[in-house]
1. Does B:Gln96 fit the bill of being surrounded by fewer than 15 Cβ atoms within 10 Å (Cβ to Cβ) and either touching a Phe, Trp or Tyr at 6+ places or on another chain (Cβ under 6 Å) or not basic (Lys, Arg) (or both)?
2. From the list B:Ser284, B:Ser309, exactly one residue is out of contact with any Gly (no Cβ under 8 Å at 6 or more places or on another chain) and either more than 14 Å from chain A (Cβ to nearest Cβ) or surrounded by fewer than 21 Cβ atoms within 10 Å (Cβ to Cβ) (or both). Which is it?
3. In segment B:275-296, is there at least one residue being modelled with pLDDT under 85, on the phi > 0 side of the Ramachandran plot and outside any strand (DSSP E or B)?
4. Determine if segment B:176-184 includes at least one residue that is part of a helix (DSSP H, G or I), more than 14 Å from every other protein chain (Cβ to nearest Cβ) and more than 16 Å from the chain's Cα centre (by Cα).
5. Which numbered condition trips up B:Ala75, out of (1) touching a Gly at 6+ places or on another chain (Cβ under 9 Å); (2) farther than 30 Å from B:Asn189 by Cα?
6. Can you name the helices (runs of 4 or more DSSP H) wholly within segment A:10-125 that have at least 1 residues being under 23 Å from A:Lys261 (Cβ atoms) and not charged (D, E, K, R)?
7. For residues in segment A:155-171 being part of a loop (DSSP other than H, G, I, E, B) and more than 8 Å from every other protein chain (Cβ to nearest Cβ), which is modelled with the highest pLDDT?
8. B:Val354 versus (1) within 14 Å of chain A (Cβ to nearest Cβ); (2) touching a residue at least 40 places away in the same chain (Cβ under 8 Å); (3) of a type in the set (A, V, I, L, M, F, W, C): which is the lone unmet condition?
Amino acid sequence: MSRGVQVRETIELLCKIFKDNGMSGVEAEALRKAKFDKSDVCFPLWRLLFEMISFCQHGLMNSSIFTSFAHMKTEDQVMYVKKEMQKRGYLSRVFATLPTDMSTGSRELMLALAWLLNKEDIISKFMENRASPMDDDVVSLYESQGQVGLYFQSVESEEGWSQPALGDKQQSPAQRVQQMLVLNTKLKMSLRLLHSSQHEYATLTHRIHNSTYGVSLSPNMNHLTTMQVQMLRHPQHMKRVLSLLEQDSTRLEHLMQWDEKETLFWEWMESVLELKLQHVREGGDSAGADSDSVNTNTCATRTVFLEVPPTIGSDIAESRRNLMNMILHYESAIERLEDLWATKRSTVSEWELDKLLGDINTEISQLQSCLGQAPKENTVPPPGRPRLTLVKNKGGSRAPVKVSNAVAATSHGRDSAEESTVSVHDEIGRLQQEADMLEKELKDMRRDCLHKLNRIVSASPNTVCIMPPQLRKLCR
Amino acid sequence: MSIITLQLGQCGNQVGGQLFNAVMDDLHASPLAVNVPPRQNSDYIQESKETFFSEQKNSSVPVARAVMVDMETKAITQTMMEAKKSGRWLYPDKQQLHQKRGSGNNWAHGYCLHGPEVRESILEMVQQEAEKCDRLGGFLSLLSLAGGTGSGVGAYATEMLREEFPQAFMVNQVVWPYKTGEVIVQNYNAVLTLSHLYQTADAIVVMENDELHKICSQLLGIKRISFLDINRVICHKLTSFLQPAQQTHSTFTSSTQDLGWKLQHLVPHPEHKLLTIRNIPQVSERSMEFSTFQWTGLLKHLRQMLIASAYMEEGIDWRVKAVQTPRGSSPYDRSLAASLILRGKDLTSADPGVFKDPALFPSWMSPEMSFSVSTQPRAFYGYEKSASLISNSRSATRPLDHILDKAWNMFASRAYVHQYVRRGLSEEDFLDAFVTLEQVVSSYSNL
């Protein structure tokens, strides 16, 4: 069956894609066995799910993901995956009842995998993760990733750097205050170090851009980037970069092929789902009915993993009561409104109707947000590192120009008119304004705190408050 | 990483001259004596040069990153002459500020009168130096506490630099005067300077003239001790702290040699900023040929020096132990944080475990956070093994205590206060200063 062959190819392509992007490999055979619910392929599927979830959370595959997976016990791994899937909305009861020793349930896992693939649009995320080092200013792109892994390992394995006993009950408040002071100052000093590093980075980059002005390897800039200069100085590194780029292009090729063959995969998944439903209809729980007493659907003998707050029973009862009270309360108001509505209907104009509709819509959306739908996780995207490009004006004065990295990544290859370039001076002005505003806020907050402190001190008879002279000026 | 040195007053300028001399001596040490392969040697030299000197465009003689300030001309011209004579380094032109009037050993004269006058010029000179640096590691100010210029103008300059460079790290190296000092009002000067420095500087490295004198006479065997010898000892200590050394557990080697990194380890608490440096061994040149040292012995002595508040390896009180009395008070010297720098060969045999004793540090700091070790295989100052311990400990407050007492006694009878009030201070400023320093002494005693 050529169709069967095509399906097989598609599945193999998917496995290749997973491997390309750093996940531990899954055999195509394993995925197909999962369709038929074979039990020996459960472990690789759990592992793959774990890695996909970690990928979604962190944005890239890291050696720490593998080490943390290896360190977790089987139960913990299963619990973690179940919890994360539920957080993302996969509320399948059967999935939640899969056994924690990873013995059965590969078909369910396959379904969960496909669901996650689609929901989090992992393929697109893979696509965004490409590297194009030659246009970057950061030279140690590949070396630093390895070092970062090493740093984490050394920090964990060292006996030192265990945190001081924060929150240790034996510490008196005075000691806790001292600890907080220490950590605060350390933080401030680290920020200063960061500041000087950034300063150094900008100075050195400017120097390189300046000295290579006039020569360029790409149409958007008029000078070489740091990376390009590094390559020119050490041509032996070019081989390595070349091999990395080749890897990258094969990865992208696979992703493009996937684009074309995707539909086959989803049709195959439909067949998996069909098979499962068929199985269920034939009377057996697809998770395997081992125990004799599974005659019930209440899963009394199986543990369902679902994270609910412990007060859910009382919460539900209370909400019900509140709802009933509200209905009773507003019943009379509702009747009046209905009468009004009947009388108004005959006399209302179309324009008024539209306006009313608009108002109602806005109110509804406001109330909806107040109802507290599941709060989205605080996924503030990390601010893209600005890319610095040197542009010399015709007047001879230099105006280094800033390109926002996020925009540059997506508009790579398109014309540069779409990139948002900002002159550094404007950017500095804008940041200065923000800084001034924050400073004012800080001063106000400080003054409030000082007033509170003064009130407390004047209230307690046996204390004397000695303020450092700088703060005294603020108080006046 | 570059450090800009600010030399203030007569003492500051002399110490500064010696400091750059000492660095140059270290860098020009014979390659055979240093114990490391040439490539490592040249890396070390490169790094150290980058920290303290900048390159000149026309000649190969490196130029110190220093700004010199004094109200009299003698010290500055002398120091510059000596630098030129050595032929190995120079002071930059036009980075000196000197006037003819002097400050008369009056802190108020320096702070209230001279300070604002010279503010613009000092700032400009410092900005020029800062622009030459790729990466400004911090400022090192050298001053003495007794005089008028170093202390008064020094306090003013530190405040001014803090306003202009809020992100920079500032280390002040101060010299306590002799207990039986020559200047009557040295206690007032010391108290006022220190209280002002405490607000603005990040760390204050304290050197006592009395202790340095003892080191010179007992360890180094110098008969007639001049300020030159004392300054040499000061610079020995400073260079052992500031010269490159790597932290053992780190992959980010360059950033841990930053002054800022060292400071965030040593002075993480805003109330504890006083640092002391202890070196071991310190022997005269004559005995250096005949002495060999072992790491275990050196480290044991160093630890006892720390606990018993000693600054020399002779005359240490070995009876002091790191044990609390049954009532809970600790009769030994506790530290907030300490940093050990080992220089020399056989570093693997050196075991700093004696310092990782939780009794030495307060209970709310974990011993790992309070103690760090850096190593440098290149031999230092001709010693095949040398160690220096920089600690933020109670011993720094002993001289402070004495001086506070004396100054308070004088203030109680308002002796000489009118000299200060006439120049712009008020009695409230005095009181503020006393209060700040009492607070410092009490927080150290609570360690």
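1. no
2. Working: B:Ser284 fails: out of contact with any Gly (no Cβ under 8 Å at 6 or more places or on another chain).
Step by step, each of B:Ser284, B:Ser309 is checked, and only B:Ser309 is out of contact with any Gly (no Cβ under 8 Å at 6 or more places or on another chain) and either more than 14 Å from chain A (Cβ to nearest Cβ) or surrounded by fewer than 21 Cβ atoms within 10 Å (Cβ to Cβ) (or both).
3. Checked against the condition, which is being modelled with pLDDT under 85, on the phi > 0 side of the Ramachandran plot and outside any strand (DSSP E or B), segment B:275-296 yields no hits at all.
4. Taking every residue of segment B:176-184 in turn, none turns out to be part of a helix (DSSP H, G or I), more than 14 Å from every other protein chain (Cβ to nearest Cβ) and more than 16 Å from the chain's Cα centre (by Cα).
5. Condition (2) is where B:Ala75 drops out.
6. Hits in segment A:10-125: A:28-35, A:42-58, A:106-119.
7. A:Gln170
8. Going through the list (1) within 14 Å of chain A (Cβ to nearest Cβ); (2) touching a residue at least 40 places away in the same chain (Cβ under 8 Å); (3) of a type in the set (A, V, I, L, M, F, W, C), B:Val354 breaks only (1).
The values are calculated or read from the model by the stated rules, or taken from the named source; none is laboratory data. Everything quoted here is computed from the prediction, not taken from an experiment. Glycine also receives a Cβ, built like all others from the backbone with ideal geometry; neighbour counts cover every protein chain displayed.
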